[in-house]
Every structure is written in C-alpha cells, then in structure tokens.
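Presented below is the structure to which this report refers.
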Amino acid sequence: MPQPYPRFHPGPSAGRLDSFSERGARELARRIRTAWANIGWDVEVRVERIASEELGDGRSIAHFIVRSDLINGMPQRRLDGAAARALPRAA
C-alpha cells in the first residue's frame, strides 16, 4: 500500500539547512513541493522575505520564510492525471 503522505521528520533538517537564508528557504520549499509531487499532490510553496537585520557596519541580513497552501498539513489538489485518492484528515 503506497504511503498517502510524505514521511515527516520532526526537528531540524539533516545537513544543517538554514531556512532563514534565501538559499535555504528555497531549498526547503523545493523539498516540500517535491515530496508531495512524488505521491501525486500539487502543493504551492513560496519563499517570502520577512525581515532585515542591520549589522551596524552598513550591511544587513535578510530573513526568509516558507509558506504553502497546505491546510492542517494536508494538500488540496491532485496533480493532473493522478488517480483520486483520499488523504487522512489531520486532527
């Protein structure tokens, strides 16, 4: 029986992915989108800039966040051509 949702890994990701940097947030978004697509679900994932921090020497650091259209951790749309299959509802 195929798994109806991607495997969940609580806590920090392996490989020290810095999801506050733009590069890390984009990688996390790609991983989320890919994990759901691999089992037939279309998930919209986007990276947004949320803040900038001044370093005091004229430079600043931007912070990013990953947002998606998952509701209670579950996707809403099947990929085109994917067989209809019900997902268990999140509590």
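Things worth noting here:
- Computed from the Cβ-Cβ distance with R0 of 41 Å, the FRET efficiency linking ARG77 to LEU55 stands at 0.50.
- Summary of packing: across the peptides 69-76, 23-30, the per-residue average of other C-beta atoms within 10 Å ranks them, highest first, as 23-30, 69-76.
A short reminder: the numbers here are calculations on the coordinates, not readings from a lab. Predicted model, so just to flag it, every value in this text is computed and none were measured. All Cβ positions, even for glycine, are placed from backbone atoms using ideal geometry, and neighbour counts span all protein chains on display.
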